[in-house]
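Notes follow the structure.
The values are calculated or read from the model by the stated rules, or taken from the named source; none is laboratory data. If you're wondering where the values come from, they're calculated on a predicted model, not measured in any experiment. Cβ coordinates were reconstructed from backbone atoms using ideal geometry, including for glycine residues, and neighbour counts include every protein chain displayed. Accessible surface areas use protein heavy atoms only, side chains included; no ligands, DNA or RNA. Shrake-Rupley method; radii C 1.70, N 1.55, O 1.52, S 1.80 Å.
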Amino acid sequence: MGIYQKGDHVKIEVAPEESEHREWMWLLVDHSDDEQQLVFGELDSIPVVATDMQLGQLLAVSYDRVREHKKF
């Protein structure tokens, strides 16, 4: 079991290759893997800069991209 639990929200930093801008979005956590340093979940924000992403998209994100953690 990882440090991020199902139902938690983490704010992730996304830096699209085609843009010099960064975007911070919320991810609704499904589970995480401390050994692999990955958090898995569903994008819970509407992307503005990262136009190749969409609300509800399933993602695996490296722990080093997590900027904030909220437990609900």
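Brief remarks follow.
- For the range 3-48, GluC sites (Glu not before Pro) meeting the loop criterion (DSSP other than H, G, I, E, B) and having at most 13 other Cβ atoms within 10 Å: 17, 18, 20, 35.
- In this Cβ point-charge picture (+1 for Lys and Arg, -1 for Asp and Glu), the chain has a dipole of about 340 debye about its Cα centre.
- Which label in (i) 68, 19, 15; (ii) 56, 34, 27; (iii) 35, 21, 18 gives the computed Cα extents along the principal axes in Å: (iii)
- Rolled with a 1.4 Å probe across the full set of protein chains, the surface gives residue 38 an accessible area near 50 Å².
- In sequence order, calculated HN-Hα J values of the range 59-66 (Karplus, 6.51, -1.76, 1.60; Hz; x Gly/Pro): 9, 10, 10, 5, 3, 6, 9, 7
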